[in-house]
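Colleague: My questions all concern the structure below.
Rule-based calculations on the coordinates, nothing more; no lab input. Since the structure is predicted, the reported quantities are computational estimates derived from the model, not experimental observations. Neighbour counts are summed over all protein chains in view; Cβ atoms, including those assigned to glycine, are modelled from backbone coordinates with ideal geometry.
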Amino acid sequence: MTLNPSSEGRKAAVLVAGSWGTALASVLAANGYSVYLWTRSAEQASEINTTRFNGKYLPGCELPPLITATSSMEEALTGAELALFVAPSSAMRQVAKQAAEWLPAHALVVHATKGFEEQSLKRMSAVLAEELNRPQASIVVLSGPSHAEEVIRKQPTTIVVAAEQLEEAEKAQDALMNSDFRVYTNPDVIGVEVAGAIKNIIALGAGLSDGLKFGDNAKAALLTRGLAEIGRLGAAMGANLLTFAGLAGVGDLVVTCTSTHSRNWRAGSMLADGTPLPVVLEKMGMVVEGVRTTKAAYEMAQRFGVEMPITHQLYEVLFQGKEPKAAVEQLMGRLKTHEIESIG
């Protein structure tokens, strides 16, 4: 059900056609937008347009007629009033470079990618600002507890959009909000992007803990101390700590660490039984953002001088061959400390 009839007949572009991009395209279509869903693969575009299904990423979910898939960046972006970037963090710069030529100057730019650029350690809003030649303050970030598998089926979902320029966030709110998809605004772009990225690391740890059958007590502790790590890094980067108590923080952390829909949780669970990381990633068949983010956050912790023990142990499991059980035991065996920390 649309709450914004004024959206009817307007054009939006969604880049790319993964599970999350496809689900968000369905939200925009439900609100009356003519949505062009861009994919590198002409074969995937043809499949979506012919069958009305994105079989690889959201099997069994029929797409609205207002969604048109295309492998042409020019077709996707020409005349678009809204451009929603949902490329993996590793591909965001390349996709933005391609989009820059065709993106209308007046178009609202939103991204819904949860990760950092691995080499530069930059947030996605910074990458987009550089490649699109736009003020970073105008770029909107979408985050919060939201599985694509539930959004596409119009199950109730609440998310947050953040931008330094509030009017840009409010434009995104107007475009996306409906009776199934509730949208709040937040001015704390740094906090929203940091929370969205780091929670994927904690979700890997939660899956690993569950795979080792450590139980609910251990996972509750992992989530709670994981939130402390998010807060430490966020504070060092200039975020508002209140953001981490909201949808982009604890909300997204809980849903990603407790659901089998979560790619990061599933990957962690597979790692627990000794499956090598390359095999896990091959079996997943989709991007597991938490893996690259672990490497980036490990380096960011050193750059900003913050303690991130969960991230540190997962880094050693993923990239240095450490046994998962030994990593958890080392976390539990750390020196005694206070729970309530001085952050800042």
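Colleague: Compute the helix-to-body angle for 289-304: its Cα long axis versus the longest principal axis of the chain, expressed 0 to 90° and rounded to tens.
Modeller: The angle comes out near 60 degrees.
Colleague: If we count other beta carbons within 10 Å of each Cβ, what is the order of 317, 250, fewest first?
Modeller: Result, fewest neighbours first: 250, 317.
Colleague: In a shell of Cβ-Cβ distance under 11 Å around residue 315, excluding residue 315 itself, what net charge do Lys and Arg (+1) and Asp and Glu (-1) give?
Modeller: That works out to 0.
Colleague: Now, a different point. Test of understanding: ordering 11, 97 by Cβ neighbours within 10 Å, fewest first, what list do you get?
Modeller: Neighbour counts put them in this order, fewest first: 97, 11.
Colleague: Once Lys and Arg get +1 and Asp and Glu get -1 on their Cβ, which of 241, 270, 78 lies farthest toward the positive end of the dipole of the chain?
Modeller: 270
Colleague: Could I ask something else about it? Build a GNM of the chain with springs between Cα atoms under 10 Å: which of 155, 119, 165 gets the top mean-square fluctuation?
Modeller: Taking springs between Cα atoms under 10 Å, the residue moving most is 119.
Colleague: Which of rounded, prolate, oblate describes region 56-146, given a ≥ b ≥ c as roots of the alpha-carbon gyration tensor eigenvalues and a/c under 1.5 marking rounded, otherwise prolate only if a/b is larger than b/c?
Modeller: Note, shape of region 56-146 comes out oblate.
Colleague: By count of other Cβ within 10 Å, fewest leading, how are 261, 106 ordered?
Modeller: With the sparsest Cβ surroundings first, the list reads 106, 261.
Colleague: While we're on this one: Taking a point 7 angstrom from the Cα of residue 62 along the C-beta vector, which residues in region 147-162 have backbone N less than 19 Å away?
Modeller: Correct set: 149-155.
Colleague: Follow-up. Counting pairs of alpha carbon atoms under 8 Å apart in space and at least six apart in sequence, what relative contact order in percent does region 190-332 give?
Modeller: Relative CO of region 190-332 lands at 33 percent.
Colleague: May I ask you to compute the full-extension gain from residue 167 to residue 119, defined as 0.36 nm times their residue separation minus their alpha-carbon distance, rounded to one decimal in nm?
Modeller: Computed gain between residue 167 and residue 119 is 14.1 nm.
Colleague: Further question: Expected output is a single nm value to one decimal: the length gained when fully extending between residue 49 and residue 81, i.e. 0.36 nm times separation in residues minus the C-alpha distance. What is it?
Modeller: 9.3 nm
Colleague: I would also like to ask the following. Please work out the FRET efficiency for the pair residue 185 and residue 273, using the Cβ-Cβ distance as r and a Förster radius of 56 Å; give the result to the nearest 0.05.
Modeller: It comes to 0.85.
Colleague: With springs connecting C-alpha atoms under 10 Å apart, model the chain as a Gaussian network and identify which of 197, 301, 76 has the largest mean-square fluctuation.
Modeller: Maximum fluctuation in the GNM of the chain, among the listed residues, is at 301.
Colleague: Defining a contact as two alpha carbons under 8 Å apart and six or more residues distant in sequence, what relative contact order in percent does the chain show?
Modeller: The value is 14 percent.
Colleague: What does DSSP give for the chain in terms of the percent of beta bridges that are antiparallel, rounded to the nearest 5?
Modeller: Here the share of antiparallel DSSP bridges comes out near 20 percent.
Colleague: Hey, if you put +1 on the Cβ of every Lys and Arg and -1 on every Asp and Glu Cβ in region 101-216, which of 136, 112, 124 ends up farthest toward the positive end of that dipole?
Modeller: Of the listed residues, the answer is 112.
Colleague: How far, in degrees from 0 to 90, does helix 309-319 lean away from the longest principal axis of the Cα atoms of the chain, to the nearest 10?
Modeller: 80
Colleague: Based on the alpha-carbon gyration tensor of region 5-187 and its eigenvalue square roots a ≥ b ≥ c, which shape applies: rounded if a/c is under 1.5, prolate if not and a/b is larger than b/c, or oblate?
Modeller: It is rounded, given that a/c, with a ≥ b ≥ c, falls under 1.5.
Colleague: While we're on this one: Would region 267-336 count as rounded, prolate or oblate if I go by the C-alpha gyration tensor, calling it rounded below 1.5 in a/c and otherwise prolate when a/b exceeds b/c, oblate otherwise?
Modeller: oblate
Colleague: Note the full-extension length gain between residue 258 and residue 224 as 0.36 nm times their separation in residues minus their Cα-Cα distance, in nm to one decimal.
Modeller: 10.9 nm
Colleague: Go ahead and set up a Gaussian network model of the chain, Cα springs under 10 Å, then flag whichever of 113, 78, 185 fluctuates most.
Modeller: Between 113, 78, 185, it is 78 that shows the largest mean-square fluctuation.
Colleague: Same structure, new question: Under 8 Å for C-alpha pairs, at least 6 residues apart: give me the relative contact order for region 5-187, rounded to a whole percent.
Modeller: 19
Colleague: Please get the size of the charge dipole for the chain, origin at its Cα centre, with Cβ charges of +1 on Lys and Arg and -1 on Asp and Glu, quoted in debye to the nearest 20.
Modeller: Computed about the Cα centre, the dipole is about 560 debye.
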